[in-house]
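K.L.:
One structure, as structure tokens, below. Some questions next.
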Amino acid sequence: MATRLKNLSDHSNTKVPSGAPYRFGIIVAEWNPEITGALYKGAFQTLVDNGAVANNISTYYVPGSFELTSAADILLRQNTVDAVICLGCVIQGETRHFDFICNAVANGLSNVAIKYSKPVVFGVLTTNNQQQAIDRSGGKHGNKGDEAAITAIKMADFSVTLNK
Ligand code: RBF
């Protein structure tokens with residue numbers, strides 16, 4: 001499984017650029033709040049552990065993962081952050097909502113990133129059940145919030161360095 005082969009939660013800090021120069025936005029979906037709350041905690045702490053200044057991290061909440069795209073769009077239009085981390089958790093139910101939401105968010109966030117030429121990190125768990133979500137938000141498969149934070153720092157550095 002990809003998660004077992006590559007668990008960025010175990011990243012080495014030496015390979016990660018400092019987050020000190022950058023401003024980050026974190027957008028958190030309120031569905032499955034115990035999971036997205038754990039993702040947020042991991043993401044925030046990992047940003048700070050890698051040099052980001054707490055005052056340069058802005059946090060926003062949206063009702064569900066579907067709203068992450070429009071929130072990222074609204075935030076990036078303000079030009080106040082160097083990277084956006086979008087955190088959500090979509091758990092497979094009995095209807096086709098899962099597929100619609102996951103596809104919409106994945107495509108939507110990609111489009112927003114390209115529209116603004118800014119990093120938008122897809123920190124959305126898409127799982128078959130609650131246990132898989134728990135395992136990936138601070139459980140046996142690490143915390144995907146941590147990984148999202150590392151990606152945001154690396155991509156903020158990439159983006160700002162190349163745009164100098
Ligand atoms: N939002 C999530 O973030 N995770 C979910 O697992 C989730 N499941 C949903 C299931 C149904 C049937 C519906 C109607 C919405 C669900 N949402 C979920 C909320 C969705 O992301 C969005 O907030 C609402 O559809 C309003 O646009």
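K.L.:
If you line up the long axis of helix 144-162 against the longest principal axis of the chain, both from Cα atoms, how many degrees apart are they, to the nearest 10?
P.N.:
With both axes taken from Cα atoms, the answer is about 30 degrees.
K.L.:
Moving on. Of ARG23, ARG77, ARG96, which is the most mobile in a GNM of the chain whose springs link Cα atoms less than 10 angstrom apart?
P.N.:
Among ARG23, ARG77, ARG96, the largest GNM mean-square fluctuation belongs to ARG96.
K.L.:
Among residues other than ILE101 whose Cβ falls under 15 Å from its Cβ, what is the net charge (Lys/Arg +1, Asp/Glu -1)?
P.N.:
Here the count lands on -3.
K.L.:
For the chain, with every protein chain kept in place, what is the accessible area per residue (1.4 Å probe, Å²)?
P.N.:
On a per-residue basis, 52 Å².
K.L.:
Please determine, in degrees from 0 to 90 and to the nearest 10, the orientation of helix 68-77 with respect to the longest principal axis defined by the Cα atoms of the chain, where the helix direction is its Cα long axis.
P.N.:
Computed tilt is about 20 degrees.
K.L.:
Now for a separate question. Can you list residues from other chains, or at least 5 along the same chain, whose modelled amide H is less than 5 Å from the amide H of THR126?
P.N.:
Excluding prolines and chain starts, which carry no amide H, the hits are VAL90.
K.L.:
Out of every Cα-Cα pair in the range 24-162, what percent are more than 25 Å apart?
P.N.:
In whole percent, the long-distance tail amounts to 20.
K.L.:
Scan the chain and hand back the longest stretch that contains none of the GluC sites (Glu not before Pro) lying in DSSP loops with at most 16 other Cβ atoms within 10 Å. Working shown, then result.
P.N.:
On the way: sites that count: GLU30, GLU94.
Answer from the scan: 95-164.
K.L.:
Would you mind checking the tilt of helix 33-49 against the longest principal axis of the Cα atoms of the chain, expressed as 0 to 90 degrees and rounded to 10?
P.N.:
20 degrees
K.L.:
Any idea how many Lys pairs in the chain come in under 20 angstrom at the alpha carbon, given 8 or more places apart or on separate chains?
P.N.:
15
The values are calculated or read from the model by the stated rules, or taken from the named source; none is laboratory data. Predicted model only: the values in this text are computed from it and were never measured. When we count neighbours, we look across all protein chains shown, and the Cβ atoms used for this are built from the backbone with ideal geometry, even at glycine. We work out accessible area using only protein heavy atoms, side chains counted, and drop any ligands, DNA or RNA first. Shrake-Rupley method; radii C 1.70, N 1.55, O 1.52, S 1.80 Å.
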